[in-house]
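Enquirer: This is the structure I have questions about; it appears just below.
None of the figures in this text is laboratory data; all of them are computed from the coordinates on show. Bear in mind the structure is a predicted one, so any value in this text is a computation, not a measurement. Ideal geometry is used to build each Cβ from the backbone, glycine not excepted, and the neighbour counts take in all protein chains shown.
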Amino acid sequence: MYPIIVFSVSGLLMLYLGLSVSKKSLLPINLGFLIIGLLSNFIDWNAPGLYFNNMLEVSNTLILVQSVVILAAILVAGLSSKLFEDAIDHPAEYYALMQFAVVGALIMVSFQNLIMLFVGLEILSVALYVLAGSDKRNLRGNEASIKYFLMGAFATGILLFGIAMFYGATGSFDINSGSSVANNLPEGKIFFWIGLIFIFIGLLFKISAAPFHFWTADVYQGSPTIFTAFMATIVKTAVIFALYRLAVYSFSFEYDNWSKFLVIIIGLSMLIGNLTAVYQSNFKRILAYSSISQAGFMLLSLIGLGEQSFGNLGFYTLSYAFATISAFGVFLIVSNDQLVDGRPNENINVFNGLFKRNPDLAVILLISMLSLSGIPLTSGFWSKFFVLNDAATKGYLWILIVGIVMSAVSLYYYFKPIRATFGSTESESITVSSLAKATLYVCGAMTVLLGVAPNLFRGLF
């Protein structure tokens, strides 16, 4: 609860500080606010309860998930120093929007009432609509923003309709009221099922699961890279845990029915995401289609719904955050060093000769790609192993086979940038700021550490 209050206040303060503080001072102030929010998160440790008229829940496991969200925001901010100092005239507004987006994500992780789910989703989404189109000189960015806004508005409308149907069937917005429909008349169950399907569709759009994924590649490509990294990690973490809470508290008694619908979504996400990524040459589009596949893997925990599923999903989101932020971080640094027609080069060839130009960046990129593909001794291997094991325990062996085969297919496009790092180049060496270098080191080291000792984090659940 406390981080929500901290970031709501600090976001407003950041706007006022932008009027009087130098641009170089805003980043450390922003990082300070984020760290304070992270520390305040643990005030409620071992003090579970419900707040705001039973609309938000606090527990140790939710605190850990909220910490993943805030940590991802800190890491993304750590990569933004040179970008915001040089390319953006008023960085305070963007730091404030990032903090407001974190507020929305935290609410979505801990909501106990569907009204709070909607409020959190809208706070998160509105901030991201603005951030996606923040580079007004980029036509692709303008397209990404308007496309994300229009598609997001439709998805929100679908979600609201689903919430209305849920209320019509249960007479309450509380997520625990879903079980009351079990003994209702058929008419009540019809409204309940309409609500369930529409709520799922609205949230599956936000996580870019197939077939609700069509906006993903264009928005990822058009948005500024730093905000794409923010979008790819924090949004996925918030939405997947929102779906998990609904699956456990609201819809679990109908598991045998909706799991059949969801497993088809998972299979489509894996197939479409991986097979389409194979044909991409733009690095951001590769990671966009990769995120569709990763969404499918995350959803396996909803199919599993065992005692370890929540911890497995928490481990997956943490692993995905480290690998994705480090991949986008390396790309951000390298692409800004090679301009094409005044714009950062986003093609895979931007990594040509990176091992000679900056070995540290090449190694971090290698670690992130190996983790995303699920190679052993990286956290990505264990994250996929855990969620696939969840699905296998429920008897969905065919989706287990699809997941393994698609992981093998993903090696092809994840190794594209790795191959390029060992290619020839005429470019000069790349210099990296101390803060960005430290951020990337943390991401790379944690990816390896969690791959060697996964229970360091998973064992906390």
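Enquirer: Using alpha-carbon pairs under 8 Å, 6+ residues apart, how would you state the relative contact order of the chain in percent?
Expert: Worked out over the chain, it gives 14 percent.
Enquirer: Further, regarding this structure: Can you tell me the FRET efficiency between Ser172 and Leu275 if r is taken as the Cβ-Cβ distance and R0 is 51 Å, rounded to the nearest 0.05?
Expert: That pair, Ser172 with Leu275, gives E of 0.75.
Enquirer: Given the rule -39500 (n - 2.57) for each run of at least 4 DSSP H residues, summed and divided by the residues of the chain, what is its mean residue ellipticity at 222 nm, to the nearest 500 deg cm²/dmol? Let's see the in-between values first.
Expert: On the way: 20 runs with 330 residues, N = 461.
Rounded to the nearest 500, it is -24000 deg cm²/dmol.
Enquirer: Mind giving me the nanometre distance, one decimal, between the label points for Phe52 and Tyr412, set 7 Å out from Cα along Cα→Cβ?
Expert: Distance between label points: 4.6 nm.
Enquirer: Please work out the Kirkwood hydrodynamic radius for the range 201-264, using every pair of different C-alpha atoms, and report it in angstroms with one decimal place.
Expert: About 13.0 Å for the range 201-264.
Enquirer: On a 18 Å Cα-Cα criterion, which of the cross-link pairs Lys284/Lys356; Lys189/Lys394; Lys206/Lys236; Lys284/Lys416 come out too long?
Expert: Lys284/Lys356; Lys189/Lys394
Enquirer: Kindly identify the range 1-60 as rounded, prolate or oblate by the Cα gyration tensor criterion: order the square roots of the eigenvalues as a ≥ b ≥ c, call it rounded if a/c is under 1.5, otherwise compare a/b with b/c, prolate if a/b is larger, else oblate. Each step should come with its number before you reach the end.
Expert: Details: a/c = 5.84, a/b = 2.29, b/c = 2.55.
Oblate, because a/c is 1.5 or more while a/b does not exceed b/c.
Enquirer: Each label point is 7 Å from the Cα along the Cα-to-Cβ direction; what then is the distance between the points at Arg137 and Val21, in nm?
Expert: 2.6
Enquirer: So, one more: At most 12 other Cβ atoms within 10 Å plus a DSSP loop assignment makes a site exposed; report the longest stretch of the chain without any exposed GluC sites (Glu not before Pro).
Expert: The reported range is 1-306.
Enquirer: Just want the ordering: Ile367, Ile303, from fewest to most Cβ atoms lying within 10 Å of their own Cβ.
Expert: Ranking Ile367, Ile303 by Cβ neighbours within 10 Å, fewest first, gives Ile303, Ile367.
Enquirer: Let me ask something else about it. Could you sort 267-279, 323-335 so that the peptide with the highest average Cβ count within 10 Å comes first and the rest follow in order?
Expert: So the peptides 267-279, 323-335, ranked by packing, come out 323-335, 267-279.
Enquirer: Let me ask something additional. Bin by bin, in steps of 10 Å, what percent of the Cα pairs in the range 1-145 do you find, going until the bin that has the longest distance?
Expert: 12, 40, 32, 14, 2
Enquirer: Across bins of 20 angstrom width beginning at 0, how are the C-alpha pair distances of the chain distributed, in whole percent?
Expert: 26, 60, 14, 0
Enquirer: Quick one: Debye curve from the alpha-carbon atoms of the range 319-391 only, equal weights, vacuum; give me log10 I(q)/I(0) at q = 0.11, 0.12, 0.23, 0.26 Å⁻¹ to two decimals.
Expert: Debye curve over Cα of the range 319-391, log10 I(q)/I(0) at q = 0.11, 0.12, 0.23, 0.26 Å⁻¹: -0.33, -0.39, -0.96, -1.11.
Enquirer: Based on the mean of other beta carbon atoms within 10 Å per residue, what is the order of 159-170, 98-109, most packed first?
Expert: On the way: 159-170: 19.8, 98-109: 26.8.
Averaged packing, sorted descending, gives the order 98-109, 159-170.
Enquirer: Then there's this: When every alpha-carbon pair in the range 340-461 is counted, what percent end up more than 21 Å apart? Provide the component values of the computation, followed by the final result.
Expert: Numbers: 3768 of 7381 pairs.
Summing the P(r) of the range 340-461 above 21 Å gives 51 percent of all pairs.
Enquirer: Oh, and also: Per Stokes-Einstein, at 4 °C and 1.567 mPa s, what whole-number D in µm² s⁻¹ belongs to the range 200-345, with the Kirkwood radius over Cα pairs as the hydrodynamic radius? Spell out each step's value before the answer.
Expert: Working: Rh = 15.8 Å.
Stokes-Einstein gives a translational diffusion coefficient of 82 µm²/s.
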